[in-house]
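The numbers here are math on the coordinates, done by the rules we state, and not lab data. The shown structure was predicted, so the numbers you read here are calculated from the model rather than taken from an experiment. Don't worry about glycine lacking a Cβ; one is built from the backbone with ideal geometry, like all the others, and counts go over all protein chains shown.
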Amino acid sequence: MTNILSFQARSPRQNEAQRFAALTQTFASERRSLEDVFWMKEVAELLNILECTGHALSAEALAPLEAFYESLENRMGFFPQYYRFLLSIAADLEALGLPGTKAAMLTEWAVRQGLPEAEISDLQRAEARRLVRRSGQTASDPGLNDRLRAFTARSATFALPNKKAAYELTHTVFYLSEYGRVAPDLPPEAVTSLQFAGTLAYLDQNADLLAECCIALRHAGQVPPAIWEEWIREELRLYTLTAEAGASLADEYHEYFVCNWALATAGDSLFAQPIPEDRVSFRAATGRVPVLREMSQQLFAIEGARAADWSKMRGRLTASLSDASQEVLATAEAALPGFEAFFEGFARASQPGMAV
């Protein structure tokens, strides 16, 4: 009797250039149309990560974006509200190897039109300033750096769950450091702020935000906790990339991007996972155990004054947690030597009307 064994053929191994080409193809041509503003968002994020990690793109990888590059003048004139996306894409394409000098011309036009002057947010002003300077033009905003650094220095802000503030913190460091190219001259408290924001992200099992905190710490000249980067590495390993024509675009592509970026900043290969052809959906594995909401609910439910002392509150908070949740909390504590200082702010022990 003869046994016949069949084996599924393995996908051809992709080199780095082929992986990058597959990524640009799917984001430029397969996921969204050029008329969708989210097309610009996704492409701008991908190109920014490739550029700021020191990579170049092959002619094959750049080809799907050439038509968009050729249409930049018309798009800038009709959609000036998206000038930051357009300037970023133009500058990154040229830096990544596409022949042309449109970025400088587009930037000069945007400055003449006063587009950066329409920004009211300090964070957006910082991004606009970086884009203008990137094309060799002068951009001055007196007091902006002082305000940005003061924002990063208030560590109490980042001991509380506030994703918007946390993402603004990481992006502030990105712009002040020019994505790791210069020292951001942050106050010492800013490192504590990033550590607090990262601790909350880890407790929430938010790999997207945690990855940004790791990148910002490295741009600030610091080494993130090894526990954080190892968890990101494992979560990235568990990602599933599937090519299907009708795949939902409400996926975790951004988390996939920034996790890769964080590990590349730490010395790993960028986008090392094989990239399927055609429209790709990026899916994180299930099974994360976020404990942040449960901790917050337990603290809020405590009658009377909450204690800011972690040694006194640890037992009360962990008593009703599952084994998996307790493990996440214990790991978060082990990752941050100053966990007690973090908890002092997280506990929110001070309340209106209390004696000081």
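Rank these for me by crowding, TYR202, TYR175, going from fewest to most other beta carbons within 10 Å.
Values: TYR202 27, TYR175 23.
Final ranking by Cβ density, sparse to dense: TYR175, TYR202.
Using unit Cβ charges (K, R positive; D, E negative) and no other charged atoms, how large, in debye to the nearest 20, is the dipole of the stretch 204-356 about its Cα centre? Don't jump to the answer; show the numbers that get you there.
Working: 12 positive and 22 negative charges, 98 e Å.
Dipole about the Cα centre, nearest 20: 480 debye.
For a footprinting-style exposure proxy, rank PHE79, PHE158, PHE151, PHE282 by other Cβ within 10 Å, fewest first.
On the way: PHE79 13, PHE158 26, PHE151 17, PHE282 20.
Ranking PHE79, PHE158, PHE151, PHE282 by Cβ neighbours within 10 Å, fewest first, gives PHE79, PHE151, PHE282, PHE158.
For the stretch 309-356, what D do you get in µm² per second when you plug the Kirkwood radius from alpha-carbon pairs into Stokes-Einstein at 37 °C and 0.692 mPa s? Intermediate results must be reported in sequence, preceding the final value.
Working: Rh = 12.0 Å.
D, rounded to a whole number, is 274 µm²/s.
Which value does Rg/Rh take for the chain over its C-alpha atoms, Rh per Kirkwood?
In the chain, Rg relative to Rh is 1.02.
Between ARG348 and ALA67, what is the spin-label point distance in nm, taking each point 7 Å from the Cα along the Cα→C-beta axis?
5.1 nm
How big is D, in µm² s⁻¹, for the stretch 58-103 by Stokes-Einstein at 37 °C and 0.692 mPa s if Rh is the Kirkwood radius over C-alpha pairs? Could you put the intermediate results ahead of the total?
On the way: Rh = 10.7 Å.
Approximately 306 µm²/s, per Stokes-Einstein.
Given the alpha-carbon gyration tensor of the stretch 218-356, what are the semi-axes of its equivalent ellipsoid in whole angstrom, ordered largest first, with each equal to the square root of 5 times an eigenvalue? Write out the running numbers ahead of the final one.
Working: eigenvalues 276, 69, 37 Å².
Whole-Å semi-axes of the equivalent ellipsoid: 37, 19, 14.
Only Lys, Arg, Asp and Glu count, each charged at its Cβ (+1, +1, -1, -1), so figure out the dipole size of the stretch 14-136 about its Cα centre, rounded to 20 debye. List each step's numbers first, then the result.
Numbers: 13 positive and 18 negative charges, 62 e Å.
In debye, rounded to 20, the stretch 14-136 gives about 300.
Can you sort TYR179, TYR167 by how many other beta carbons sit within 10 Å, fewest first? It would help to have the intermediate numbers written out before the result.
Values: TYR179 19, TYR167 16.
Sorted ascending by nearby Cβ count, the order is TYR167, TYR179.
State, to one decimal in nm², a quarter of the convex hull surface area for the C-alpha atoms of the stretch 98-219, i.e. the direction-averaged projected area. If you can, show how the numbers build up before the last one.
Details: hull surface 33.2 nm².
In nm², the orientation-averaged hull projection of the stretch 98-219 is 8.3.
Taking N as the number of residues in the stretch 14-136, what value does Rg over Cα atoms divided by 2.2 N^0.38 Å take? Don't skip to the end; give the middle numbers.
Numbers: Rg = 14.1 Å, N = 123, 2.2 N^0.38 = 13.7 Å.
Rg over 2.2 N^0.38 Å, computed on Cα atoms: 1.03.
About its Cα centre, what dipole magnitude does the stretch 178-229 give when the only charges are +1 on Lys and Arg Cβ and -1 on Asp and Glu Cβ, stated in debye to the nearest 20? Write out the running numbers ahead of the final one.
Details: 2 positive and 7 negative charges, 27 e Å.
Charge dipole, the stretch 178-229, about its Cα centre: 120 debye, nearest 20.
Given GLY97, PHE20, GLY114, which one lies farthest toward the positive end of the charge dipole of the stretch 1-121, if we put +1 on the Cβ of every Lys and Arg and -1 on the Cβ of every Asp and Glu?
PHE20
Once the convex hull of the alpha carbons of the stretch 115-175 is built, what does its volume come to per residue, in cubic angstrom? Walk me through the intermediate numbers first.
Working: hull volume 4.9 nm³, N = 61.
Measuring per residue, one finds 80 Å³ for the Cα hull of the stretch 115-175.
When the chain is fully extended, how far beyond the present Cα-Cα distance does GLN81 get from ARG314, taking 0.36 nm per residue of separation?
Difference between extended and current length: 79.0 nm.
Per residue, what volume in Å³ does the Cα convex hull of the stretch 144-189 take up?
On the way: hull volume 3.1 nm³, N = 46.
In the stretch 144-189, the Cα convex hull volume per residue is 67 Å³.
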